[in-house]
Each structure stands twice: as structure tokens, then as C-alpha cells.
Amino acid sequence: MAKDPVCGKEIDEAQARAQTSQTVHGASEVDPQQGTRIFHDGSWIYFCGLECRTRFLASPATYTSD
Amino acid sequence: MDFGYTPEQETLRREVQEFIAEHVTDDVLGELETAEEGGRGVHYRELIRKVAERQWIGISWPKEYGGQGGSRIEQYIVEEEFARLGIAVGGAGSGAPAILAAGTEEQKRHFIPGLISGEIIFALGFTEPQAGADLAGLQCRAVRDGDEYVINGQKMYTSAAHYATHIYLMARTDPDAPRHRGISIFLVPMDAPGITVRPLWTIQSDPPAPIGTTYGMARTNETFFEDVRVPASMMLGEENSGWYVGAMGLNLDRVGASRYLISVRRDEDIVNWVKENDFGGHSPADDPAVRDKLAELWTEAQVCRLMTMRSMSLVERGGNFTYEGSAEKVWAPEHGVHTTETITQILGPYAQLLSSSEEAIENGLFAHNVMGAFQSGINHGSVQVMRDQMARRGLGMPRG
């Protein structure tokens with residue numbers, strides 16, 4: 001499980017990435033209710049949704065420092 | 001200087017109108033209301049095949065790649081008539097002009113005929129969550145590995161991703177170079193392993209926006225790339241030249257009927273509505289305030305049209321085309337917003353009734369337009385970015 005760095009909610013990475021269907025031309029589609037993510041400094045960070053990701057992007061250092 | 005059409009061009013317009021009356025059936029219009037294939041179902045594809053038979057797609061594109069080698073203004077006439085119904089005939093978007101300008105011979109022969117026939121559809125993969133107006137801040141990475149590039153990252157507002165065959169993707173290939181000089185463009189098949197599409201539903205999805213709504217896209221997406229491998233031959237232009245290739249394509253895509261009509265279609269609609277409706281012997285067309293506002297909109301719309309014609313003339317003559325498209329991209333969307341405000345004033349509370357209301361005017365077209373018009377000044381290059389380009393390229397000011 002991953003942890004949303006903004007709200008602290010646990011995110012199941014496998015569920016967030018799991019294919020639920022395919023687009024007309026063969027790309028995987030996922031369930032938007034399972035969260036989203038961002039490729040940041042070479043790795044994926046998971047979020048419960050766009051709001052938390054937006055907060056993160058406004059100030060990544062706030063959420064990535066120890 | 002004559003801005004009118006020649007008799008031959010007027011004949012072409014009538015032919016297109018007659019074709020549309022015969023072939024754009026309720027089945028085609030019904031498909032346009034669906035979001036799943038971007039409205040491009042079996043009836044739509046059959047329509048495009050017939051349009052291609054008439055040699056009306058890619059009129060100004062080179063014959064060797066499936067075009068007609070004709071004039072840009074004739075292409076504009078055809079595009080305008082179809083765009084009034086929300087139908088883009090062939091190669092809409094910035095990918096095709098970028099390929100024609102910067103692509104290899106192999107890329108041109110593969111992609112351009114497919115874009116003309118509708119068999120190839122691009123999703124635009126430029127914007128990222130943290131890189132929209134500041135596009136040069138994009139972080140999607142492409143790393144060379146032998147004859148391939150490996151792509152990791154994500155794109156935002158990839159509105160065609162759920163029905164596109166390819167994504168026209170901007171990625172960073174040199175993270176150590178100055179921001180604008182370390183970017184490349186790739187033409188990536190959507191079925192490449194590692195691509196994931198996450199749907200995002202817009203304010204136009206529920207209730208659904210009626211056909212013809214400006215920026216009426218019910219669905220957009222974010223698209224993720226995890227170790228996606230693409231052959232190096234699918235890079236468009238030279239490595240690290242993607243910023244300039246992409247900007248050139250975007251500029252050329254700002255010229256033409258679709259972009260023009262996005263901002264002025266509602267002008268025509270509200271004028272028709274005002275003239276056609278009567279409330280107990282009182283027509284809004286008799287109201288001096290309404291007449292004044294509509295005349296003001298008409299004047300602004302003429303500026304949109306003249307800017308469009310000038311840009312097409314520049315393109316036709318192979319002229320240097322840079323800030324002129326930016327000026328259009330400022331004037332036209334801001335006019336569209338002004339039109340929306342005016343319609344809201346004329347219709348009053350009826351301008352708030354969406355398609356789900358039985359009392360909505362024109363099936364809620366104007367109300368859905370209120371929700372969508374404002375984004376036209378943001379997407380495809382915000383008006384603020386466009387003004388900065390005009391200051392630098394048109395007025396010779398330094399980069400801020």
C-alpha cells in the first residue's frame with residue numbers, strides 16, 4: 001500500500017493501476033475512484049485524488065521532507 | 001482588397017451544404033452525442049469516407065500524402081460548413097501540420113493518409129499536472145535505449161486518449177539542457193504496453209451537453225506512461241527540437257475554421273434566436289439594448305474573421321507565421337466569453353437551464369456554453385501566454 005503524502009490515506013497501488021477496461025485502440029483504462037498518481041523525481045507517488053495531488057504540486061517540499 | 005469569395009468558391013460552399021443536407025443523417029448526429037468514441041462511430045466513419053471520395057479532406061495538403069494540393073481557402077470553406085455541425089473533417093489538430101513540416105518521409109507517408117481517412121487519430125500529449133501554461137516545465141521523460149526510447153511520466157487533459165490510435169507526445173530527452181532545448185516529440189501508439197488512461201468527467205457530462213456546444217467535451221483523461229517503449233523512428237524532428245516543432249504545429253492549428261467557429265458560432269445562434277422568437281407581440285429584436293449588443297458582437301466577430309483570413313493568407317504564401325496566430329488565440333476566445341456574457345444578459349434566467357430542463361432554450365445549448373466558454377482562453381495556449389508571445393515576437397521585447 002502507498003500513502004497519500006497530503007491526506008495520509010492509504011492507496012492500493014495495484015488497484016490504482018489495475019486495468020478495468022480498454023480504450024477503443026487498446027490502452028488500459030483504470031477506475032478513477034482508485035486514486036491517481038504522479039511521476040516525481042523518478043518514482044510514482046500516489047494520491048487519493050486530484051485535490052491532494054494539486055496541493056502536493058503546489059509545494060512538493062512540504063510533503064516530501066522527513 | 002477583396003475579402004469575398006470567388007464564384008468558384010461560392011459554388012464549392014453550396015456543394016458542401018447540399019452534401020451535408022443529404023449525408024449528415026440523424027444517425028451521424030446521434031453518434032456525435034456519444035463520448036466513448038469521440039463521436040466517431042460507424043456512421044461517422046462512413047460519412048468521412050464519402051467526404052474523402054469528394055476529395056474534400058486535406059485539400060491544401062500535398063498530393064503525394066493523400067491531399068489535393070489545393071488552396072487553403074477552399075479547405076477552409078469545407079471545414080467551416082462541417083464545423084458548424086461539430087464535425088472535424090480530416091487531420092484536425094496540431095499533429096498533421098507538424099508532421100508535414102518536420103516529419104521524415106516515412107512518417108509523412110504513414111501518418112498523413114491515415115489522418116485524412118480518419119483511421120489515425122491523435123490525442124494531444126503536451127500538458128502535465130504541473131506544466132500547462134508553463135509547458136516547458138514538463139517532466140515526462142524519454143530515455144534512449146538502443147533503437148528505442150523508454151518513456152515514463154504522465155499527461156493531463158488528453159481528451160482524445162480514449163478513442164485515439166496514437167498520442168502526439170512531448171517528453172524531456174535532455175534534463176540538463178535549458179528547459180526549452182531538452183524536449184522531443186514522439187508519435188506513440190496507444191496500444192503500446194505501459195500506457196494507462198484514467199477518465200475525468202467534465203461539467204459537460206451530466207446532463208450531457210447538446211451537439212454544437214462550444215468546448216462541449218464530456219470526457220477528458222489523464223494518461224500515464226510506465227516504461228513505454230517506442231522506436232526511435234517515431235521521434236518527430238530532431239532530438240531536443242520538440243519545443244519548436246510543437247510550437248509550430250500549435251501555431252498552424254490555430255488557423256482555420258474550427259478555431260474560428262469555436263468563438264463565433266454562438267453569435268450566429270443568438271442572432272437567429274432573437275429574430276425567430278416573439279413573446280406576445282414583442283420580439284427581442286425590437287429591443288434597442290439587444291440590437292446594440294448584437295451589433296457589437298458582430299463587429300468583434302468580423303475582427304475574428306479578418307484575423308483568420310490574414311493568417312490563412314500567410315500560411316498559403318509560406319510567410320513567417322508566429323505571433324499572428326497568438327493574436328487570434330487572444331481575440332477569438334475573449335470574444336467568445338463576451339458573447340457568452342451577452343447571451344446571459346439577453347436570456348436572463350433561461351441562460352442557466354441545462355439540457356436536462358424541459359424549459360431549456362435550444363436544448364440548453366446556451367447554458368452549456370456558459371460553462372464551457374471560459375476554458376477557451378486557457379487551453380491550447382492561454383491568452384496570457386499568447387500575449388507574451390506577441391510581445392516577444394511581434395513587438396521585439398525580451399523574454400521575461
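Just so it is clear, none of the values below were taken in a lab; they were calculated from the coordinates. It should be emphasised that the depicted structure is a prediction, and the values quoted were computed from it without experimental measurement. All Cβ positions, even for glycine, are placed from backbone atoms using ideal geometry, and neighbour counts span all protein chains on display.
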Legend entry - Shape parameters for the stretch B:151-190, alpha-carbon atoms, Rg then Dmax in Å: 11.6, 35
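Given an 8 Å cut-off on Cα distances and at least 6 residues of separation, report the relative contact order of the stretch B:255-394 as a percent. It would help to have the intermediate numbers written out before the result.
Details: 132 pairs, mean separation 34.9, N = 140.
Once normalised by length, the contact order is 25 percent.
Is it possible to state the helix-based mean residue ellipticity at 222 nm for the protein assembly as shown, with each DSSP H run of 4+ residues giving -39500 (n - 2.57), the sum divided by total residues, to the nearest 500 deg cm²/dmol? What is it?
-13000 deg cm²/dmol
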Inset, instruction - Quick one: order B:T340, B:T104 by neighbouring beta-carbon count within 10 Å, fewest to most. - result: B:T104, B:T340
Legend entry - Paramagnetic reach from A:M1 in the stretch A:12-44 [backbone N under 15 Å; point 7 Å along Cα→Cβ]: A:12-16, A:35
Inset, instruction - Determine the distance separating the Cα centre of the stretch A:44-66 from the Cα centre of the stretch B:61-120; give it in Å without decimals. - result: 41
Legend entry - Sequence-distant residues sharing a close amide H with A:V24 (under 5 Å, placed H): none
Inset, instruction - Quick one: check the C-alpha center-to-center distance for the stretch B:172-188 versus the stretch B:247-302, whole angstrom. - result: 41
Inset, instruction - Give the span of chain A's Cα atoms along each principal axis, as three whole-Å numbers ordered largest to smallest. - result: 41, 20, 20
Legend entry - Nitroxide proxy distance, nm - points 7 Å out along Cα→Cβ at A:D41 and A:A18: 3.1
Legend entry - Listed residues B:V245, B:I378, B:I120: farthest to the positive end of the dipole of chain B (Cβ charges): B:V245
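Nearest 0.05, what FRET efficiency do A:D31 and B:V42 give at R0 = 35 Å with Cβ-Cβ as r?
Values: r = 28 Å, r/R0 = 0.80.
After rounding, the FRET efficiency stands at 0.80.
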Inset, instruction - Using all C-alpha to C-alpha distances in chain B, build P(r) with 20 Å bins and read off the rounded percent in each one. - result: 26, 59, 14, 1
Legend entry - Surface/4 of the Cα convex hull for the stretch B:7-92, nm²: 5.5
Inset, instruction - Note the per residue figure in Å³ for the convex hull of the C-alpha positions in the protein assembly as shown. - result: 171
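Taking 0.36 nm per residue of sequence separation and subtracting the Cα-Cα distance, how much length would be gained by fully extending the chain between B:A232 and B:S283, in nm to one decimal? Spell out each step's value before the answer.
On the way: separation 51, 0.36 × 51 = 18.36 nm, distance 6.34 nm.
Length gained between B:A232 and B:S283: 12.0 nm.
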Legend entry - Relative contact order (percent, whole number), chain B, Cα cutoff 8 Å, 6+ residue spacing: 14
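In terms of the Cα gyration tensor, with a ≥ b ≥ c the square roots of its eigenvalues, is the stretch B:255-394 rounded because a/c is under 1.5, prolate because a/b exceeds b/c, or oblate?
Working: a/c = 2.66, a/b = 1.99, b/c = 1.34.
Note, shape of the stretch B:255-394 comes out prolate.
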Legend entry - Hull shadow area, averaged, the stretch B:123-238 [alpha-carbon convex hull, nm²]: 7.8
